[in-house]
Amino acid sequence: MNEQWMSLQTNVPRWLDECRPYAKEGKAAAYIPALAIAPADALGISILRADGSSITGGDSSMKFTMQSISKVFTLLLALMDNGEEVVFSKVGMEPTGDDFNSILKLELVEPGIPFNPLINAGAIAVTSLIKGSNPADKTERILEFMRLMAGDEQLDYNRIVSKSESATAYRNRSLAYFLQENGVLSPHTNIEEVLSVYFNHCAIEVTCNHLARMGLILAHGGFDPLTERQLVPKRYVRIAKTFMLTCGMYNASGEFAIRVGIPAKSGVAGGILAVVPGQYGIGVVGPALNSRGNSIAGIRLLETMSVQNDWSLF
Ligand code: DON
């Protein structure tokens, strides 16, 4: 057992206690009504390494929905389904500096394709590329891929959260129709069908342990050290991790890169998936969000761990 692992084991409980109070400065997301009931002061973590040993702490077995974290995996599946050329004809490779659900650049910049696959507009475009004969089939294919990555056949989506998001998704509907206007979605695309798949994959329910397992595979270039199988082509994982670093925390990605310096993706249910390349997959949950839609205590925890262990890539 190496020194860093032993120090993580010793220190994670203390860091959880130190970071939990920051939750008071944030709030659980309320624009999706079903998310508002989450315990705002919860904080949990799971760290997994290639030999299968893990460090867990706090509310690591609490269930929550992936929300935007799922976008990393729909990107991977869309790349495997269609190849890079098709995917990057519909979505760009640049950070926006805008909120995750902004419509602004779709009108301001030509051509009107979303800047990247991790903002809502980009993720809706990516979801439209997932192969399958109908929305149920596409949802099932995404679920199957998530189950493989998380190493859990039981993974499923939360119907209540998916319905709750759909009921109030005025902005995502606007984004989708704008994408159709701009030719990113064809005139024949059934917008409600694309959105239903999008809401379903955002509502996939996980714990920190699942995220850590998914992160471990990303940390090893798509190779799952636990089953010794290459689950995703290495090049696609590199693309996904690059987007996580440049766009994964939305318009706080630059600050996160300076303070923490590793690829990560947040979701509005308070989850963060983080990757220490070549070493660990990390899942964090803390439902209280800051104004940018990222877990406030979760970011503190990742910052503390990264600084203490010198994880920054830079
Ligand atoms: O489309 C939405 O608004 C949500 N289903 C996902 C947004 C999200 O998680 C943003 N992340 N911080």
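Candidates in segment 72-95 are the residues that are in a loop (DSSP other than H, G, I, E, B), over 12 Å from ILE130 (Cα atoms) and open to solvent by less than 30 Å² (accessible area, probe 1.4 Å); of these, the one that is farthest from the ligand (Cβ to nearest atom) is GLY92.
Only one of the numbered conditions (1) touching a strand residue (DSSP E or B) at 6+ places or on another chain (Cβ under 9 Å); (2) open to solvent by 10 Å² or more (accessible area, probe 1.4 Å); (3) of a type in the set (A, V, I, L, M) is violated by VAL194, and that is (1). Within segment 71-81, not a single residue is without any contact (Cβ under 8 Å) to a residue 24 or more places away in the chain and out of contact with any His (no Cβ under 6 Å at 6 or more places or on another chain).
Within segment 268-306, the set of residues being part of a loop (DSSP other than H, G, I, E, B), within 12 Å of the ligand (Cβ to nearest atom) and touching a residue at least 24 places away in the same chain (Cβ under 8 Å) comprises VAL268, ALA269, GLY270, PRO287, ASN290, ARG292, GLY293, ASN294.
Among the residues of segment 133-151, the ones that are in contact (Cβ under 8 Å) with a residue 60 or more places away in the chain and not basic (Lys, Arg) come to 10 in all. Figure legend. Inter-residue proximity from segment 175-199: first residues away from the ligand (no atom under 12 Å from the Cβ) and modelled with pLDDT of 95 or more, second residues among the aromatic types (Phe, Trp, Tyr) and part of a helix (DSSP H, G or I), beta-carbon distance below 9 Å, spacing 6+ or different chains. Indicated pairs: VAL184/PHE178; LEU185/TYR177; ILE191/TYR177. Close contacts from segment 221-241, counting a first residue that is modelled with pLDDT of 95 or more and a second that is open to solvent by 70 Å² or more (accessible area, probe 1.4 Å) and not polar (S, T, N, Q), with Cβ to Cβ under 6 Å and a gap of 6+ residues or different chains, come to GLY221/LYS234; GLY222/LYS234; GLN230/PHE223. The residue pairs whose first member lies in segment 12-27 and is more than 10 Å from GLY57 (Cβ to Cβ), whose second member is surrounded by fewer than 20 Cβ atoms within 10 Å (Cβ to Cβ), and whose beta carbons are closer than 6 Å, counting only pairs six or more residues apart or on different chains, are ALA23/ALA40; ALA23/ASP41; GLY26/ASN290. Going through (1) modelled with pLDDT under 95; (2) surrounded by fewer than 19 Cβ atoms within 10 Å (Cβ to Cβ) one by one, TYR250 falls short only on (2). Given the options SER46, SER68, SER60, name the one that is open to solvent by less than 70 Å² (accessible area, probe 1.4 Å), among the small types (Gly, Ala, Ser), in a loop (DSSP other than H, G, I, E, B) and within 18 Å of ALA269 (Cα to Cα). Unique residue meeting the criteria: SER60.
Name every residue in segment 254-267 that is open to solvent by 10 Å² or more (accessible area, probe 1.4 Å) and within 14 Å of the ligand (Cβ to nearest atom), in order of residue number. Residue satisfying the conditions is PHE256 alone.
Residue-wise test of (1) more than 16 Å from the ligand (Cβ to nearest atom); (2) open to solvent by less than 20 Å² (accessible area, probe 1.4 Å); (3) within 30 Å of LYS163 (Cβ to Cβ); (4) of a type outside the set (Asp, Glu).
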{"position": "MET6", "(1), (2), (3), (4)": "yes, no, no, yes"}
{"position": "ASP17", "(1), (2), (3), (4)": "yes, no, no, no"}
{"position": "LYS24", "(1), (2), (3), (4)": "yes, no, no, yes"}
{"position": "TYR31", "(1), (2), (3), (4)": "no, no, yes, yes"}
{"position": "ASP41", "(1), (2), (3), (4)": "yes, no, yes, no"}
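The values are calculated or read from the model by the stated rules, or taken from the named source; none is laboratory data. Given the structure is predicted, the values throughout are model-derived calculations rather than measurements. Reconstructed Cβ throughout: ideal geometry from the backbone, glycine too, with neighbour counts over all protein chains shown. These area figures cover heavy atoms from the full protein model, side chains too; ligands, DNA and RNA do not enter into them. Shrake-Rupley method; radii C 1.70, N 1.55, O 1.52, S 1.80 Å.
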